[in-house]
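Asks: Provided herewith is a single structure, encoded as structure tokens, for subsequent inquiry.
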Amino acid sequence: MSRGLLIAFEGIDGTGKSTQLPLLAHYLQEQGYTVVATREPTDGPYGRQIRALYYDRHQVSPERELELFLLDRRQHVDLCIQPALTRGDIILTDRYFFSTAAYQGAAGCDPEDIFKRHDFAPQPDMVLLLTLSAAESVARIRELRKESVNDFEQQEQLEKVAALFASFAHECIVRINADQPVDAVQDSIRRVVRQLITAKRMGCTG
């Protein structure tokens with residue numbers, strides 16, 4: 001592939017993105033592909049500021065919160081995503097700008113404006129949108145992770161975020177039912193990713 005592939009894992013918290021992404025990365029590496037696994041927020045200076053908001057989100061205004069995500073993503077694109085695409089790698093990112101449109105949209109920002117402000121970010125070849133009810137998401141966070149929900153994971157907030165994710169109609173989105181065993185979810189993910197790679201090889205995408 002002359003240009004790499006960018007695949008984003010999206011969905012509300014607790015859908016299993018951090019479980020499914022490494023499984024897909026390992027599978028693709030076994031098939032001989034060079035894979036870059038990454039995440040947002042990053043571990044850069046802006047990403048660390050965002051993580052500091054997890055348990056005290058009201059430190060900043062919604063506008064400043066959005067600005068931090070944009071700054072972090074610009075750095076992520078410049079330092080990681082674009083170079084990997086140029087090399088022909090497959091990039092798997094745990095969250096991308098669809099999460100920003102959903103989460104910051106639920107906080108009062110305009111989702112369509114957020115999409116427009118990402119003209120600097122490469123469009124993903126595929127968005128794997130893992131779907132799960134907000135109630136089940138919160139239950140997983142508490143029971144499986146043994147964690148308390150943070151300011152971004154409150155059930156009422158996640159219901160708003162899930163509704164926004166459900167409203168997105170971009171052609172790159174593939175919805176995956178995350179309310180299944182891990183192996184079944186992974187099988188669904190691998191099937192659609194294989195289809196994407198085959199289409200890319202045949203010159204049907206990008």
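The values are calculated or read from the model by the stated rules, or taken from the named source; none is laboratory data. If you're wondering where the values come from, they're calculated on a predicted model, not measured in any experiment. Ideal geometry is used to build each Cβ from the backbone, glycine not excepted, and the neighbour counts take in all protein chains shown.
Asks: Suppose we filter the stretch 56-71 for residues that are of a type in the set (D, E, K, R) and free of Cβ contacts under 8 Å to residues at least 12 places away in the same chain; how many remain? Give the steps one after another, and end with the answer.
Replies: As a first pass, look at the stretch 56-71 and keep what is of a type in the set (D, E, K, R): 56-57, 63-65, 67.
Next, only the ones that are free of Cβ contacts under 8 Å to residues at least 12 places away in the same chain stay: 64, 67.
The total comes to 2.
Asks: Let me ask something else. Please work out which one of (1) part of a loop (DSSP other than H, G, I, E, B); (2) aromatic (Phe, Trp, Tyr); (3) surrounded by 14 or more Cβ atoms within 10 Å (Cβ to Cβ) is the condition TYR54 fails and give its number.
Replies: All conditions pass for TYR54, except number (3).
Asks: Let me ask you something else. For ALA37, state whether it is touching a Leu at 6+ places or on another chain (Cβ under 7 Å) and small (Gly, Ala, Ser).
Replies: The answer is yes for ALA37.
Asks: Is it the case that some residue within the stretch 51-68 is among the small types (Gly, Ala, Ser), out of contact with any strand residue (DSSP E or B) (no Cβ under 9 Å at 6 or more places or on another chain) and more than 21 Å from ALA106 (Cα to Cα)?
Replies: No, there is no match, as no residue in the stretch 51-68 is among the small types (Gly, Ala, Ser), out of contact with any strand residue (DSSP E or B) (no Cβ under 9 Å at 6 or more places or on another chain) and more than 21 Å from ALA106 (Cα to Cα).
Asks: So LEU68 ticks every box in (1) over 14 Å from the mean Cα position of the chain (by Cα); (2) more than 24 Å from GLN123 (Cβ to Cβ); (3) buried (at least 17 other Cβ atoms within 10 Å of the Cβ) but one. Which box is left unticked?
Replies: Against the list (1) over 14 Å from the mean Cα position of the chain (by Cα); (2) more than 24 Å from GLN123 (Cβ to Cβ); (3) buried (at least 17 other Cβ atoms within 10 Å of the Cβ), LEU68 comes up short only on (2).
Asks: All but one of (1) outside any loop (DSSP other than H, G, I, E, B); (2) without any contact (Cβ under 8 Å) to a residue 40 or more places away in the chain; (3) over 18 Å from ARG117 (Cα atoms); (4) within 13 Å of the chain's Cα centre (by Cα) hold for THR42; state the number of the condition that does not hold.
Replies: That leaves (1) as the condition not met.
Asks: Taking the stretch 5-38 as the search range and keeping residues that are assigned to a loop (DSSP other than H, G, I, E, B) and among the hydroxyl-bearing types (Ser, Thr, Tyr), which one is nearest to VAL138 (Cα to Cα)?
Replies: THR15
Asks: Within the group LEU71, LEU85, LEU132, LEU79, which residue is closer than 20 Å to ILE12 by Cα and not polar (S, T, N, Q)?
Replies: So the residue among LEU71, LEU85, LEU132, LEU79 that is closer than 20 Å to ILE12 by Cα and not polar (S, T, N, Q) is LEU132.
Asks: What are the residues in the stretch 172-206 that are loosely packed, with under 13 Cβ neighbours inside 10 Å and within 16 Å of the chain's Cα centre (by Cα), if any?
Replies: Hit for the stretch 172-206 is ASN177, nothing else.
Asks: Scan the stretch 1-39 for residues that are closer than 24 Å to ALA166 by Cβ, surrounded by fewer than 16 Cβ atoms within 10 Å (Cβ to Cβ) and either among the aromatic types (Phe, Trp, Tyr) or free of Cβ contacts under 8 Å to residues at least 12 places away in the same chain (or both) and report the count.
Replies: Here the count works out to 0.
Asks: So which pairs qualify, if the first residue must be in the stretch 72-85 and on the phi > 0 side of the Ramachandran plot, the second must be crowded, with 17+ Cβ neighbours inside 10 Å, the Cβ gap must be under 8 Å, and the two must be at least 6 apart or on different chains?
Replies: Listed pairs, sorted by first residue: none to list.
Asks: Considering only the stretch 123-134, I want to know if a residue exists there that is under 20 Å from GLU67 (Cα atoms), surrounded by fewer than 17 Cβ atoms within 10 Å (Cβ to Cβ) and modelled with pLDDT of 90 or more.
Replies: Yes, some residue in the stretch 123-134 is under 20 Å from GLU67 (Cα atoms), surrounded by fewer than 17 Cβ atoms within 10 Å (Cβ to Cβ) and modelled with pLDDT of 90 or more.
Asks: Specify the residue that is modelled with the highest pLDDT; the eligible residues are those in the stretch 135-161 that are β-branched (Val, Ile, Thr) and touching a Leu at 6+ places or on another chain (Cβ under 9 Å).
Replies: VAL138
Asks: Could you please give the count of residues in the stretch 86-129 that are touching a residue at least 60 places away in the same chain (Cβ under 8 Å) and part of a loop (DSSP other than H, G, I, E, B)?
Replies: Looking only at that region, the number is 8.
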